[in-house]
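The values are calculated or read from the model by the stated rules, or taken from the named source; none is laboratory data. Values in this document were obtained by computation on a predicted structure and should not be read as measured data. No Cβ is skipped: glycine too gets one built from the backbone with ideal geometry, and neighbour counts run over all protein chains shown. Accessible surface areas use protein heavy atoms only, side chains included; no ligands, DNA or RNA. Shrake-Rupley method; radii C 1.70, N 1.55, O 1.52, S 1.80 Å.
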Amino acid sequence: MSRTSRRTLLGLVPALLLVRPAAAHDVRAGDLVISQGWSRAAGQGGQGAGFLRIANRGSAADRLLSASSPVSGKMELHTHVRDGDVMRMREVPAIDIPAGQTVEMRPGGLHLMFMGLTQPLRQGEKIPVTLRFERAGEVRIELDVQAAGARGPGAHHH
Ligand SMILES: [Cu+2]
């Protein structure tokens with residue numbers, strides 16, 4: 001290696017170190033960063049729910065149109081709406097991901113719904129899910145299966 005090229009390479013090192021690597025569970029797709037995907041343990045034949053965070057770092061809005069997974073014959077996008085004293089789930093046609101904002105899908109709010117599990121979801125497993133966005137297209141993610149009553153994504157190695 002010549003002196004010149006070595007100096008050039010060394011000059012690049014500090015700049016590279018400033019780039020924060022994406023967390024292990026983060027998936028980037030165009031302007032979107034999808035993170036903290038999780039689900040809950042559930043039995044075969046029942047329903048399951050999926051939660052995640054979608055950040056839109058771009059200047060154009062996107063929309064989540066649908067989701068699919070080999071663990072469920074059908075998936076829907078759901079939200080919760082108040083019906084008298086109870087909160088009920090309702091299917092929504094799409095979920096807006098506004099430019100520059102982060103949409104959090106969590107218990108009691110927006111979520112992915114597995115409408116009939118073709119296999120049990122066991123704590124500690126990862127479930128593959130394909131999300132389909134209007135702009136970003138198809139994005140493959142994984143959901144970490146937490147305990148049946150879990151309220152959050154659990155420990156992450158950030
Ligand atoms: Cu639901």
Among residues belonging to the range 66-86 that are surrounded by fewer than 13 Cβ atoms within 10 Å (Cβ to Cβ) and assigned to a strand (DSSP E or B), point out the one that is nearest to the ligand (Cβ to nearest atom).
VAL81
Within the range 48-65, work out how many residues are in a strand (DSSP E or B) and away from the ligand (no atom under 16 Å from the Cβ).
7
Among the residues of the range 102-158, what is the count of those that are without any contact (Cβ under 8 Å) to a residue 60 or more places away in the chain, assigned to a strand (DSSP E or B) and either within 11 Å of the chain's Cα centre (by Cα) or buried (at least 19 other Cβ atoms within 10 Å of the Cβ) (or both)?
4
I need the full set of residues from the range 87-98 which are more than 13 Å from the ligand (Cβ to nearest atom), open to solvent by 90 Å² or more (accessible area, probe 1.4 Å) and either assigned to a strand (DSSP E or B) or at positive phi (or both), in order please.
ASP96
Can you name the residue in the range 32-65 that is open to solvent by less than 30 Å² (accessible area, probe 1.4 Å) and of a type in the set (Ser, Thr, Tyr) and, of all such residues, is farthest from ILE95 (Cα to Cα)?
SER39
